[in-house]
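Enquirer: First the structure, then my questions, so here it is.
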Amino acid sequence: MKKNLQAIRGMNDILPNEISVWQHVENILREVLLNYGYQEIRTPIVESTELFVRTIGEVTDIVEKEMYTFLDRNGESLTLRPEGTASCVRAGIEHGLLHNQIQRFWYQGAMFRHERPQKGRYRQFHQCGIEVFGLKGPDIDIEILLLAARLWRRLGISNKVTLQINTLGNSACRARYREALVTYFEENLNLLDVDSERRLHTNPLRILDSKNPAMQDLIACAPKLLDFLDEESQAHFSGLRYLLDVAQVAYTINPRLVRGLDYYGLTVFEWVTTELGSQGAICAGGHYDGLVEELGGQATPAIGFAIGLERLVALVSQVSEFENNPDAYLVMLGDEALAAGLVLAENLRNAQPQLKLIMNCNGGNFGQQLKRADKIGARLALIIGEDEVKTKTVTVKYLREDRQQENMSWEKVVNERIKELYLL
Ligand code: ATP
Ligand code: MG
């Protein structure tokens with residue numbers, strides 16, 4: 001027997017019965033991003049491998065072991081994008097959008113990482129992110145944090161997420177800190193796990209992000225970057241803290257917060273939740289002031305974040321219920337009823353553009369048609385039989401309410417009854 005084909009492990013179908021919450025989240029995202037003057041940018045899903053190696057960093061989880069990389073038919077190495085920032089920067093430089101300009105971009109789409117699939121961690125997942133170019137902050141830092149906070153409010157999850165911030169300092173203090181960190185871990189070499197040992201000389205900051213429980217004590221006692229900040233980095237960080245207080249955004253400082261990508265500096269942050277098990281980060285970001293130059297553009301300060309939409313959707317689903325049932329189902333009995341029904345349906349759609357109306361297709365007797373209406377959760381059945389055709393009326397049957405069915409003229413159902421549905 002032939003084996004049925006299935007989706008790739010870690011890559012999910014989002015089925016019609018799950019789509020309402022996704023669309024709700026996407027609509028609110030779009031609205032809020034528009035409120036703050038962000039413009040959407042769409043970049044290809046596939047980019048040259050080099051783009052990600054150069055931006056994310058060779059010694060990061062993503063580049064070392066998570067990218068979907070392949071040779072195309074011309075022998076060029078291509079990669080399915082694992083994140084959105086690199087592509088945005090590439091596009092911005094390529095089209096001359098960044099030099100001496102201020103840009104506020106947002107994007108949304110599928111990302112690909114070959115991770116171990118588990119709840120909240122997939123191989124194809126979706127991110128919505130923003131990237132701002134040409135602003136040093138910390139005013140822009142507070143802007144994007146307020147934007148995120150507004151999103152959580154609009155989605156009804158404010159009380160389920162908390163903000164953690166840290167600073168990675170500018171590159172000068174990061175270099176000094178890195179030395180101190182390497183010295184500390186070298187002194188404790190026997191306590192390092194294999195991954196961390198490998199990172200010791202390539203990406204020591206990333207050791208702080210280790211999720212291995214056995215490493216936690218060692219990490220807790222490691223030197224803190226906050227003690228290595230120079231004046232400039234200090235001022236940026238205290239500036240942000242002041243603005244967070246002014247805007248009354250609650251936060252905690254997490255000195256161990258580093259990002260898994262090499263391009264970050266100064267402010268980094270994560271919005272986290274405890275409601276989703278171990279995959280608790282729903283939004284993560286920070287400054288990446290060196291990246292534009294690194295990719296061949298003029299030095300341009302930049303900041304951004306990315307939201308993991310699967311995690312956000314899971315959280316929103318906990319607080320709200322979404323349904324996408326049709327408002328009405330048009331039952332038509334016989335050819336004449338079909339002819340009258342077609343016209344009525346179009347008139348109803350004209351009168352109420354938001355109306356979700358399903359027209360019975362493929363015939364069937366009264367009982368069968370009504371069953372279909374009930375099965376898809378329609379609120380009303382609009383029934384046209386032989387009598388209704390003669391009297392130019394429709395029988396309105398309320399499928400979800402304890403309410404007498406009514407017979408009314410086609411005009412009345414178009415001009416009054418259907419509009420009434422949207423006033424409730
Ligand atoms: P994590 O520490 O959870 O692996 P990360 O630091 O790799 O996250 P980023 O690259 O900063 O994550 O991505 C931003 C957001 O995208 C994360 O906070 C998370 O919500 C989401 N995300 C990242 N990887 C995945 C994945 N494999 N599946 C689902 N969501 C993801
Ligand atoms: Mg990761």
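Enquirer: Report yes if residue 110 is at pLDDT 95 or above, within 16 Å of ligand 1 (Cβ to nearest atom) and more than 27 Å from residue 144 (Cα to Cα), otherwise no. Working first, answer last.
Expert: Working: at pLDDT 95 or above: yes; within 16 Å of ligand 1 (Cβ to nearest atom): yes; more than 27 Å from residue 144 (Cα to Cα): no.
No: the conditions fail for residue 110.
Enquirer: Given the structure, is residue 59 at pLDDT below 95, of a type in the set (A, V, I, L, M), outside any strand (DSSP E or B) and within 23 Å of the chain's Cα centre (by Cα)?
Expert: Details: at pLDDT below 95: yes; of a type in the set (A, V, I, L, M): yes; outside any strand (DSSP E or B): yes; within 23 Å of the chain's Cα centre (by Cα): no.
No.
Enquirer: Which ranges mark the helices (runs of 4 or more DSSP H) fully within segment 300-386 that have 3 or more residues being over 30 Å from residue 282 (Cα atoms) and without any contact (Cβ under 8 Å) to a residue 12 or more places away in the chain?
Expert: 335-351, 366-375
Enquirer: Picking from 170, 212, 166, which residue would you name as being surrounded by fewer than 17 Cβ atoms within 10 Å (Cβ to Cβ) and either in contact (Cβ under 8 Å) with a residue 60 or more places away in the chain or more than 30 Å from residue 24 (Cα to Cα) (or both)?
Expert: The match here is 212.
Enquirer: Just checking, does segment 157-168 include any residue being within 27 Å of residue 290 (Cα to Cα), within 17 Å of the chain's Cα centre (by Cα), in a loop (DSSP other than H, G, I, E, B) and assigned by TED's automatic domain parsing to the domain that holds residue 269?
Expert: no
Enquirer: Given the structure, is residue 401 more than 14 Å from residue 326 (Cβ to Cβ) and either within 38 Å of the chain's Cα centre (by Cα) or not in a helix (DSSP H, G or I) (or both)?
Expert: Against the criterion (more than 14 Å from residue 326 (Cβ to Cβ) and either within 38 Å of the chain's Cα centre (by Cα) or not in a helix (DSSP H, G or I) (or both)), residue 401 qualifies.
Enquirer: How many residues does segment 231-255 contain that are touching a residue at least 60 places away in the same chain (Cβ under 8 Å), surrounded by fewer than 18 Cβ atoms within 10 Å (Cβ to Cβ) and more than 21 Å from residue 149 (Cα to Cα)?
Expert: 2
Enquirer: Of the residues that sit in segment 118-149 and are more than 16 Å from ligand 2 (Cβ to nearest atom) and assigned to a strand (DSSP E or B), which one is nearest to the chain's Cα centre (by Cα)? Reasoning before the result, please.
Expert: Taking segment 118-149 first, the residues more than 16 Å from ligand 2 (Cβ to nearest atom) are 128, 130-149.
After this cut, where a residue has to be assigned to a strand (DSSP E or B) as well, the list is 128, 130-133.
Numbers: 128: 4, 130: 10, 131: 14, 132: 17, 133: 20 Å.
Going through the qualifying residues, I end up with 128.
Enquirer: Something else now. I need the full set of residues from segment 9-52 which are loosely packed, with under 10 Cβ neighbours inside 10 Å and of a type in the set (A, V, I, L, M, F, W, C), in order please.
Expert: Once the filter is applied, which keeps residues that are loosely packed, with under 10 Cβ neighbours inside 10 Å and of a type in the set (A, V, I, L, M, F, W, C), segment 9-52 yields only 15.
Enquirer: Give the residue that is modelled with the lowest pLDDT, with candidates limited to residues of segment 242-270 that are part of a strand (DSSP E or B) and not aromatic (Phe, Trp, Tyr).
Expert: Restricting to residues being part of a strand (DSSP E or B) and not aromatic (Phe, Trp, Tyr), the top hit is 265.
Enquirer: On to the next question. Please pick out the residue among 83, 64, 115 that is within 23 Å of residue 279 (Cα to Cα), part of a helix (DSSP H, G or I) and within 16 Å of ligand 1 (Cβ to nearest atom).
Expert: Numbers: 83 fails: part of a helix (DSSP H, G or I); 115 fails: part of a helix (DSSP H, G or I).
It is 64.
Residues checked against (1) touching a strand residue (DSSP E or B) at 6+ places or on another chain (Cβ under 8 Å); (2) of a type outside the set (Val, Ile, Thr); (3) in a loop (DSSP other than H, G, I, E, B); (4) at pLDDT below 95:
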position	(1), (2), (3), (4)
4	no, yes, yes, yes
22	no, yes, no, no
26	yes, yes, no, no
54	no, yes, no, yes
74	no, yes, yes, no
79	yes, no, no, no
99	no, yes, yes, yes
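Enquirer: Another question, then. Of (1) surrounded by fewer than 17 Cβ atoms within 10 Å (Cβ to Cβ); (2) in contact with a Cys (Cβ under 7 Å, 6 or more places away or on another chain), residue 228 satisfies all except one. Which?
Expert: Among (1) surrounded by fewer than 17 Cβ atoms within 10 Å (Cβ to Cβ); (2) in contact with a Cys (Cβ under 7 Å, 6 or more places away or on another chain), the lone unmet condition for residue 228 is (1).
Enquirer: Return only the number of the condition from (1) modelled with pLDDT under 95; (2) under 24 Å from residue 133 (Cβ atoms); (3) outside any helix (DSSP H, G or I) that residue 232 does not satisfy.
Expert: Here residue 232 clears every test but (3).
Enquirer: Counting only residues that are surrounded by fewer than 22 Cβ atoms within 10 Å (Cβ to Cβ) and farther than 18 Å from residue 118 by Cα, how many does segment 269-305 have?
Expert: Final tally of qualifying residues: 11.
Enquirer: Could you list, in sequence order, the residues of segment 118-160 that are in contact with an Asp or Glu (Cβ under 9 Å, 6 or more places away or on another chain) and within 16 Å of ligand 1 (Cβ to nearest atom)?
Expert: Residues satisfying the conditions are 120, 121, 122, 123, 125, 126, 127, 128, 129, 157, 160.
The values are calculated or read from the model by the stated rules, or taken from the named source; none is laboratory data. Since the model is a prediction, treat every value here as computed from it, not as a measurement. Cβ: placed from backbone, ideal geometry, glycine included. Neighbour counts: every protein chain shown.
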